[in-house]
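Written out below as structure tokens is the structure these notes cover.
The values are calculated or read from the model by the stated rules, or taken from the named source; none is laboratory data. Since the model is a prediction, treat every value here as computed from it, not as a measurement. Here the Cβ positions follow ideal geometry from the backbone for every residue, glycine too, while neighbour counts run over all protein chains shown. Areas reflect the complete protein model, heavy atoms only, side chains present, ligands, DNA and RNA absent. Shrake-Rupley method; radii C 1.70, N 1.55, O 1.52, S 1.80 Å.
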Amino acid sequence: MSLLPAPGPQALRATRQVLMLGNFVIGCGVMVVGGTLNDLARSLQVSVAVAGQLIAIAAVVMAVGAPALAVWVSGWDRRRLLVGALVWYAVGHGLCALMPDYGALWPVRALTMLAAAVFTPQAAAAIGHMAPPQQRGRSITTVFLGWALASVLGMPLNAWIGETYGWRAAMAGIAVLSLAVALLVYRRMPAGIQPPGLSLRAWRGVIASPVLMAMVGVTALAGAGQFTVFSYFAPYFRDVLQATPGQLALIFGWFGLWGLTGNLVLSRTVDRIGPHRAVAWLVGLIVLSMALWPLGRSLSLTLLVLIPWGLSCMASNSAQQARLGHVAPLLAPALMALNTSAIYVGQAVGAAAGGWLVARSGYGGLNWVGLVMVVAALGLSLWAQRACARAAPLPSPRE
């Protein structure tokens, strides 16, 4: 643990802002395949289902990497760690843009995503460590606003660049942006921030806690349900609604705008209403959109159906991180890593399931499979909320 004095309000605010920008870059990079999927498949001469597996491959690597790397980097100064992750991200995306075919691209893409496995959970743990208890929920959700900004700005921009200039240009843009934000994090984040390390006994205590693991399971199930559909937005809207590149950018931008709105509202209310209740409401909104999905038979109706989902997509992950930080703040590095792993497990399962469905039966069953998973996530979340008060005392990091 850092022995330096607690950072003042100005340092805390500056760190929140640059870590939010870091998550914006990470989110843009994670989403770049979904936004450029049409051009990826066309350029690399593979099917949409095969190209979509880039999402699943990278997600598997991130899911395994987040908890494994959390152990390895537990003693690192967080400024150096987060800057290093962004530089790795930049180099990886630059190399991805140069890969000649699918066989060369996927392993480079997978290695690049190790940076995302480090940055997102460790940024959340670092800001949670820096913030006073009464500001912890807001601080964590503010950092996660970067993902919402990625969906409202990065995702439609990726889609437009992919359709206009190609996926390689989008990858190169992520590389340049990553380097710029790495410099900002280095200049504005205080040195010496180091959340407490975690013993193997504490890790075992986390994994053995039914309540904590149920909360992590909510993230995995909700993510799997969403990415069963979300991974194939671009080809679905092109093939079913005959959407033009401009309309695709509009759909992604609309979805991201509501995502940003949801995260902004959450960051201002989570400490007041409580993260348990916030998660339940947000996952319920995803259920609503999934159930209404068949009504989106035109562009205007689709935009209406996407509103509840957009409001809750990114905000539900932010609320989950805030919930874990609230329930077990001393175990935040482990829990943030596990929850980030669950996000990527959900993405991998959802992308793989959606690709399997598209290859065999088209787009018709995507929302129903996704709906089942998200309903299961809501039920598990409500159980965890009720069981949380009865949970056994949690181990301290050094026990």
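Reported count of residues in segment 68-79, each being open to solvent by 30 Å² or more (accessible area, probe 1.4 Å), in contact (Cβ under 8 Å) with a residue 60 or more places away in the chain and assigned to a helix (DSSP H, G or I), is 3. Going through segment 337-362 one residue at a time, which ones are crowded, with 22+ Cβ neighbours inside 10 Å and aromatic (Phe, Trp, Tyr)? The answer is 344, and nothing else. Of the numbered criteria (1) among the basic types (Lys, Arg); (2) open to solvent by 30 Å² or more (accessible area, probe 1.4 Å); (3) under 30 Å from residue 245 (Cα atoms), the one residue 109 fails is (2).
Quick check on segment 44-58. Is at least one of its residues more than 24 Å from residue 141 (Cβ to Cβ), of a type in the set (S, T, N, Q) and either in contact with a Pro (Cβ under 8 Å, 6 or more places away or on another chain) or not in a helix (DSSP H, G or I) (or both)? Yes.
Whether a residue is among the aromatic types (Phe, Trp, Tyr), open to solvent by less than 30 Å² (accessible area, probe 1.4 Å) and out of contact with any Gly (no Cβ under 6 Å at 6 or more places or on another chain) was assessed, and residue 167 passes this test.
Residues in segment 222-254 that are outside any helix (DSSP H, G or I) and either among the aliphatic types (A, V, I, L, M) or within 23 Å of the chain's Cα centre (by Cα) (or both): 231, 232, 241, 243.
For residue 309, the conditions (1) surrounded by 23 or more Cβ atoms within 10 Å (Cβ to Cβ); (2) of a type outside the set (Gly, Ala, Ser); (3) not in a helix (DSSP H, G or I) are fulfilled apart from (3). Can you find, within segment 40-55, the residue that is modelled with the lowest pLDDT among those that are of a type outside the set (A, V, I, L, M) and open to solvent by 20 Å² or more (accessible area, probe 1.4 Å)? Per the stated criteria, the residue is 53.
Would you confirm whether any residue within segment 24-35 is of a type in the set (Gly, Ala, Ser), at pLDDT 85 or above and surrounded by fewer than 24 Cβ atoms within 10 Å (Cβ to Cβ)? No, there is no match, as no residue in segment 24-35 is of a type in the set (Gly, Ala, Ser), at pLDDT 85 or above and surrounded by fewer than 24 Cβ atoms within 10 Å (Cβ to Cβ).
When you scan segment 128-187 for helices (runs of 4 or more DSSP H) that lie fully inside it, which ones turn up with 3 or more residues that are among the hydrophobic types (A, V, I, L, M, F, W, C) and closer than 24 Å to residue 336 by Cβ?
145-149
Applying the criterion of being assigned to a helix (DSSP H, G or I) and surrounded by fewer than 17 Cβ atoms within 10 Å (Cβ to Cβ) to the residues of segment 1-13, the residue that is modelled with the lowest pLDDT is 9.
Does segment 312-335 contain at least one residue that is basic (Lys, Arg), part of a helix (DSSP H, G or I) and in contact with a Pro (Cβ under 8 Å, 6 or more places away or on another chain)? Quick ask: steps written out before the conclusion?
If we filter segment 312-335 for residues that are basic (Lys, Arg), which is where we start, we get 323.
From the residues that got through so far, the ones that are part of a helix (DSSP H, G or I) too are 323.
Applying the additional criterion that residues be in contact with a Pro (Cβ under 8 Å, 6 or more places away or on another chain) yields 323.
The answer is yes; a qualifying residue exists.
Picking from residues in segment 89-104 that are touching a helix residue (DSSP H, G or I) at 6+ places or on another chain (Cβ under 6 Å) and part of a helix (DSSP H, G or I), the one that is modelled with the lowest pLDDT is 102. Count of segment 278-296 residues, restricted to those that are farther than 23 Å from residue 156 by Cβ, in contact (Cβ under 8 Å) with a residue 60 or more places away in the chain and either among the aliphatic types (A, V, I, L, M) or surrounded by fewer than 17 Cβ atoms within 10 Å (Cβ to Cβ) (or both), is 6.
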